[in-house]
Amino acid sequence: MARRTGLKALALLPALAVVVAGCGSGPQPGEAKGVPLVEAGKLKTCTHLPYEPFQFTREGQIVGFDVDLVNLVAEDLGVKQDIIDGPFETIESGEDLNAKKCDLAAAGMTIKESRKQNFDFSAPYFKATQALLVKKTSGLNSLEQLKGKKLGAQSATTGLDYANKNAKPAGAEVVVYEDLGLLLEAVKSGQVDAGINDNGVLLDYAKKNSDLDVTKEFDTNEDYGIGVRKGNDKLRAKIDEIIASSKTNGKYDALYEKWFGKKPANK
């Protein structure tokens, strides 16, 4: 019996090998114009919502400045953009890119050295700085005035970095929120006395909420970049190409004016 069982097992080995090989191979990555992609026919983007006007949901669709800019890349490659919403922490750590959850990360993300250790950045595409959002009646327009008061900041952002480095030593209590929506609501409802984040999103929110105002901008001279997995040089080069061409053919200015209501002062 033992010998017969062994022979049967040996006879099944070729078939088993085929099954195992098929299961282990998994979905093969796609390619468009020589650019490797996680999935054929799609340019998969990791982002973190909401971050209006860069990426947010409107009438069931994810829209925004970053969305439109990446769409230019997708159109050039002849594929569709597929947007995946997730925690900002797993985006900036490079975890999502390394796990091939997406091809690129576009999340209103500042280029900084610590992030460069986790993934590669495209050329800069947007200039930003930090700003202070408060209620109009508060009279607050400096970090020094926040002594003994609460300052809201978003987790894993340069705004939180700035708050910890400059506001906390000045006596402010820094309250951390998981996403921008929670931070904005905290300022509006009075849970915190002020909020700090990138000027683009705070100015946009203040424009739509007459009881709020951006009273101070801090000269941090930040640049946003699009993240790609380390070694994915072909995709990074394609993104850089599209950013550069959009700034010369007028498409960048058109998108900027669409989402910010004015032409860019600088590019």
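The values are calculated or read from the model by the stated rules, or taken from the named source; none is laboratory data. Small disclaimer: the values here were computed from a predicted structure and weren't measured. Methodologically, a virtual Cβ is constructed for each residue, glycine included, from the backbone with ideal geometry; neighbour enumeration extends over all protein chains shown. With ligands, DNA and RNA removed, areas are computed over all heavy atoms of the protein, side chains included. Shrake-Rupley method; radii C 1.70, N 1.55, O 1.52, S 1.80 Å.
Things to note:
- Subset of segment 48-80 [closer than 23 Å to Lys247 by Cα, free of Cβ contacts under 8 Å to residues at least 40 places away in the same chain and either open to solvent by less than 20 Å² (accessible area, probe 1.4 Å) or charged (D, E, K, R) (or both)]: Val67, Ala74, Glu75, Lys80
- Pick from segment 149-158, criterion within 13 Å of Val192 (Cβ to Cβ) and among the small types (Gly, Ala, Ser), ranking: nearest to the chain's Cα centre (by Cα): Ala153
- Among the residues of segment 130-155, the one identified as under 24 Å from Gly86 (Cα atoms) and open to solvent by 20 Å² or more (accessible area, probe 1.4 Å) is Ser155.
- Tyr177 vs. criteria within 27 Å of Glu95 (Cβ to Cβ), surrounded by 23 or more Cβ atoms within 10 Å (Cβ to Cβ) and hydroxyl-bearing (Ser, Thr, Tyr): no
- Qualifying residue in segment 240-247 (condition: free of Cβ contacts under 8 Å to residues at least 24 places away in the same chain, more than 19 Å from Ile111 (Cα to Cα), open to solvent by 50 Å² or more (accessible area, probe 1.4 Å) and within 22 Å of the chain's Cα centre (by Cα)): no
- Verdict on Ala99 being out of contact with any strand residue (DSSP E or B) (no Cβ under 9 Å at 6 or more places or on another chain), of a type in the set (A, V, I, L, M) and modelled with pLDDT of 95 or more: yes
- Residues within segment 201-215 that are open to solvent by less than 10 Å² (accessible area, probe 1.4 Å) and more than 25 Å from Lys147 (Cβ to Cβ), tallied: 1
- Taken across segment 191-198, residues that are open to solvent by 30 Å² or more (accessible area, probe 1.4 Å) and farther than 25 Å from Val70 by Cα do occur, with at least one present.
- Only one of the listed residues (Leu7, Leu77) is over 21 Å from Leu182 (Cα atoms) and at pLDDT below 95. That residue is Leu7.
- Pairs meeting the criteria (first residue in segment 132-155 and on the phi > 0 side of the Ramachandran plot, second residue open to solvent by 70 Å² or more (accessible area, probe 1.4 Å), beta carbons under 8 Å, at least 6 apart or on different chains) are Gly139/Gln145; Gly148/Glu173.
Rundown of residues vs (1) closer than 25 Å to Glu178 by Cα; (2) acidic (Asp, Glu); (3) in contact (Cβ under 8 Å) with a residue 60 or more places away in the chain, yes/no style:
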site: Asp82; (1), (2), (3): yes, yes, no
site: Glu92; (1), (2), (3): yes, yes, yes
site: Ala99; (1), (2), (3): yes, no, no
site: Ala107; (1), (2), (3): yes, no, yes
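- Screening Gly195, Gly200 for residues that are under 26 Å from Tyr256 (Cβ atoms), in a helix (DSSP H, G or I) and among the small types (Gly, Ala, Ser) leaves exactly one candidate, Gly200.
- Qualifying residue in segment 115-129 (condition: closer than 30 Å to Ser210 by Cα, open to solvent by less than 10 Å² (accessible area, probe 1.4 Å) and without any contact (Cβ under 8 Å) to a residue 60 or more places away in the chain): no
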